[in-house]
1. Summing +1 for each Lys or Arg and -1 for each Asp or Glu, what net charge is found among the other residues whose Cβ lies under 11 Å from the Cβ of ALA21?
2. First select every other residue whose beta carbon is under 13 angstrom from the beta carbon of ARG40; then total the charges, Lys and Arg +1, Asp and Glu -1.
3. Using the per-residue mean of other Cβ atoms lying within 10 Å as a proxy for protection, in what order, highest first, do the peptides 40-48, 58-66, 27-35, 11-19 fall?
Amino acid sequence: MGWDSKPTYPTSAVHTVTLKATAWQRSAWETAAKRQGLSRGAFLAWAADMAIAFRDAYEKTTEQHAREMHPELWTESDR
C-alpha cells in the first residue's frame, strides 16, 4: 500500500481475542499475512486498524458532505 495505518491502541497494549474462523478464512489470512511479512495475528490487528481508519474517513467525509449539501441543518456551534 502507498500508506501505513496508525495503530488505534498503544504499542504496549496486550489483548487476546478469540476468533472462530473457517478453514478458508484461516488460509486466506495466513496467505495475506505472509505477503506482508506478518504473523496471522499481526495481520488481523493490522486489518482491524485499517477497517477502523476507513470507517473514520467515511464518517468524516459523509459528515462534511452533509454539512455542504444541507447547511441549514447545522447550527453555528456544529461548524
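1. Charge balance near ALA21 sits at +2.
2. +2
3. 40-48, 27-35, 58-66, 11-19
Where a number appears in this text, it was derived from the coordinates with a stated rule and is not lab data. Everything numeric in this text was worked out from a predicted model, so none of it was measured. Counting neighbours? That spans all protein chains shown, and the Cβs are built from the backbone with ideal geometry, glycine included.
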